[in-house]
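Undergrad: Okay, here's the structure, questions in a sec.
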Amino acid sequence: MNAASAIQILKPSYIREILSASQSNGVISFAGGLPATESFPLDLMQQAFNDLTQHSDLFQYAQAQGYDPLLTFLRQSYQTLDSHDLLMTSGSQQGLDLIARGYINPGDKVVVEYPSYLGALQVFQLAQAQLLTVPQLGEGPDLSKLQQLFASQEVKFFYLIADFHNPTGICYSLQVRQGIAKLCQQYQVTIIEDAPYRELRFSGETLPLVSSYYPQGAIVLRSFSKIACPGMRLGSIEAPRDWIQQLITVKQISDIHLNTVLQYVLLQLLTHAEFPGHLLKLRQLYADRHDLMLEQIQSTMGDRVTVMPVSGGMFLWLTLKQQSAVNMMNLASQALEAGVAFVPGAVFTPDQDGLYASCRLNFSHSSAADICTGIQRLAKII
Ligand SMILES: Cc1ncc(COP(=O)(O)O)c(C=O)c1O
C-alpha cells in the first residue's frame, strides 16, 4: 500500500537507526537523548502506585484536557495567566503534533533554528509546512537574520528551544530572549517554545521564558520526561485559552484523553516532600557528567575540536576545526565499529544537509567510566 504523500517526504530516521545499532553489545552510546535510568524517582512514586487500587475512578474515561487536580497544581506552579490555560499531553512531542494538526496548513511557513530538534522538524514536515531556517549564534538565534526572514516572508510560527538547546546545548541570553519576543510581536509570528530541559540547569541563573515577553502570541511546551521519566509520556501545552480549546478538540480526536492513572502518579511525585531533593541530585549528576565529558574531550582531542561548556541539559556540540577534512556522517559509521555512537550534525537540519563537521554528544546517560572510554574511542577515530 502506498503511504500518504506527506509521509513519503520524510527522510528515514537516522537517529532510530543509530540508536538500534548503538544498543548492540559493547557500544557506548552518546547518541540518544536519554536521561540517566538510575535517576528515575521510582521510590518517590512507590506510595502512589500502591494506592492505585483504591482509586477506581482513575481508570474510567475522563475529560480530554487532563486530570483536574494535576491541572490545578500546574497552573499554580507555572503561574498561568488568567487569559491562558493548560492541556496535558503525551510528552511534549504530542504537543508539537497537536499544534501542527490544529494550526498548520500545507505551505504555512515555520522558522526553525539551524540546527534544531529532529522530532519537531519531522512534525512540521509531516504537516507539509515550509521550513525556513535561522542560524544559531553563541547566545541564540541570529536576530538580524530572523528579522530579515520575518520582514520578507509571511511566517506563521517560530519554533525555538531557549533552554539547553537540542542539539547544541546552548542557553539563549536575556537580550536574545527579549529580542525574539519583540520581533515576533512586531511581525505577528506565534512562538512555539519547547522547554523540556528547562529544569535541568546546573549553573547560572534561570532566565525568563521567551514567551513571558509576548504571552498573547506564544505556546509553551513542557515535559516531565527529563525530570521524572520519559516512559510515563507526560507533558503539557500552555497557551491562550481559545487556542487550548482548539487543541483539546484535536487531542480528543487523536486519543480521547491522556492516561489518567499516570497523571495521578505524577501529581503525587511533584507534591512529594522529597521531589525538590530529587531535582538537586539530578542536576548535580548531570553537572558531574558534563564536566567529565568536557575534560576528557579537551585532554584527548584538544586543539582538533571546538566544544563549548553548557549550563544545563543533556548535550554537548562538538565541531572539528579542520571542517573540510571529515564528514561526521561517515565518521559515525566508523565510530560505531570502534564501539562509540554519536549523532552527526546534519541530522538536525531540515534536509539532512550541512553541519558536516559537527556532532551531538549526550552526557546524561553514560556512567563516568563509559564517558572516559567512549571519548577515548572517539578521539582515536577523530
Ligand atoms: C527539544 C525537544 N522537544 C521535545 C522532545 C520530546 O520530549 P517528550 O519525551 O516530552 O515527548 C525532546 C526529546 O528529546 C526534545 O529534545
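The values are calculated or read from the model by the stated rules, or taken from the named source; none is laboratory data. The structure presented is a predicted model; accordingly, all values stated were derived computationally and were not measured. Ideal geometry is used to build each Cβ from the backbone, glycine not excepted, and the neighbour counts take in all protein chains shown.
Undergrad: Kindly establish whether residue 255 is within 23 Å of the chain's Cα centre (by Cα), among the acidic types (Asp, Glu) and outside the structural domain of residue 96 (by TED's automatic domain parsing).
TA: no
Undergrad: Quick one: residue 163 ticks every box in (1) free of Cβ contacts under 8 Å to residues at least 24 places away in the same chain; (2) within 16 Å of the ligand (Cβ to nearest atom) except a single one, so which number is it?
TA: Condition (1) is where residue 163 drops out.
Undergrad: Need pairs with beta-carbon distance below 8 Å; first residue within 15 Å of the ligand (Cβ to nearest atom) and assigned to a loop (DSSP other than H, G, I, E, B) and within the range 117-129, second at pLDDT 95 or above and of a type in the set (Phe, Trp, Tyr); sequence gap 6+ or separate chains.
TA: Filtered contacts from the range 117-129: 117/348.
Undergrad: Give the residue, chosen from 137, 86, that is in the same structural domain as residue 251 (by TED's automatic domain parsing), among the hydrophobic types (A, V, I, L, M, F, W, C) and touching a residue at least 12 places away in the same chain (Cβ under 8 Å).
TA: On inspection, the qualifying residue turns out to be 86.
Undergrad: Taking the range 225-260 only, how many residues are of a type in the set (A, V, I, L, M) and away from the ligand (no atom under 14 Å from the Cβ)? Before the answer, list the steps.
TA: Step one: list which residues in the range 225-260 are of a type in the set (A, V, I, L, M), which gives 227-228, 232, 234, 237, 239, 244, 247-248, 250, 253, 256, 258.
Restricting the remaining residues to those that are away from the ligand (no atom under 14 Å from the Cβ) gives 239, 244, 247-248, 250, 253, 256.
Final tally of qualifying residues: 7.
Undergrad: If you don't mind, there's one more thing I want to ask. State which residue pairs qualify: first residue among the charged types (D, E, K, R) and inside the range 234-252, second residue within 16 Å of the ligand (Cβ to nearest atom) in any location, beta carbons under 6 Å apart, and separation of 6 or more residues or different chains.
TA: 238/86; 238/220; 251/98
Undergrad: If only one of 96, 81, 74, 87 is away from the ligand (no atom under 13 Å from the Cβ) and either in a strand (DSSP E or B) or buried (at least 22 other Cβ atoms within 10 Å of the Cβ) (or both), which one is it?
TA: Details: 96 fails: away from the ligand (no atom under 13 Å from the Cβ); 81 fails: either in a strand (DSSP E or B) or buried (at least 22 other Cβ atoms within 10 Å of the Cβ) (or both); 74 fails: either in a strand (DSSP E or B) or buried (at least 22 other Cβ atoms within 10 Å of the Cβ) (or both).
On inspection, the qualifying residue turns out to be 87.
Undergrad: In addition: Return the residue satisfying two criteria in turn: it lies in the range 148-182 and is aliphatic (A, V, I, L, M) and under 15 Å from residue 110 (Cβ atoms), and of such residues it is nearest to the chain's Cα centre (by Cα). Let's see the steps before the verdict.
TA: Of the residues in the range 148-182, the ones aliphatic (A, V, I, L, M) are 149, 151, 155, 160-162, 170, 174, 176, 180-181.
Still in the list and also under 15 Å from residue 110 (Cβ atoms): 149, 155, 160-161, 180.
Numbers: 149: 24, 155: 22, 160: 10, 161: 7, 180: 19 Å.
Filtering the range 148-182 for residues that are aliphatic (A, V, I, L, M) and under 15 Å from residue 110 (Cβ atoms), the one nearest to the chain's Cα centre (by Cα) comes out as 161.
Undergrad: Where in the range 263-382 are there helices (runs of 4 or more DSSP H), lying wholly inside it, with at least 2 residues that are modelled with pLDDT of 95 or more?
TA: Result: 275-301, 368-381.
Undergrad: Residue pairs, Cβ under 8 Å, 6 or more apart or interchain, first in the range 202-224 and away from the ligand (no atom under 15 Å from the Cβ), second assigned to a loop (DSSP other than H, G, I, E, B) and charged (D, E, K, R). List them.
TA: 207/163
Undergrad: If you don't mind, there's one more thing I want to ask. Can you find, within the range 166-201, the residue that is farthest from residue 222 (Cα to Cα) among those that are within 12 Å of the ligand (Cβ to nearest atom) and of a type in the set (Ser, Thr, Tyr)? Walk me through it before giving the result.
TA: Step one: list which residues in the range 166-201 are within 12 Å of the ligand (Cβ to nearest atom), which gives 166-169, 192-198, 200.
From the residues that got through so far, the ones that are of a type in the set (Ser, Thr, Tyr) too are 168, 197.
Details: 168: 19, 197: 9 Å.
My answer is 168.
Undergrad: Still on this structure, I have one more. Please go through (1) touching a His at 6+ places or on another chain (Cβ under 8 Å); (2) closer than 24 Å to residue 237 by Cβ for residue 136 and return the number of the only condition it doesn't satisfy.
TA: Going through (1) touching a His at 6+ places or on another chain (Cβ under 8 Å); (2) closer than 24 Å to residue 237 by Cβ one by one, residue 136 breaks only (2).
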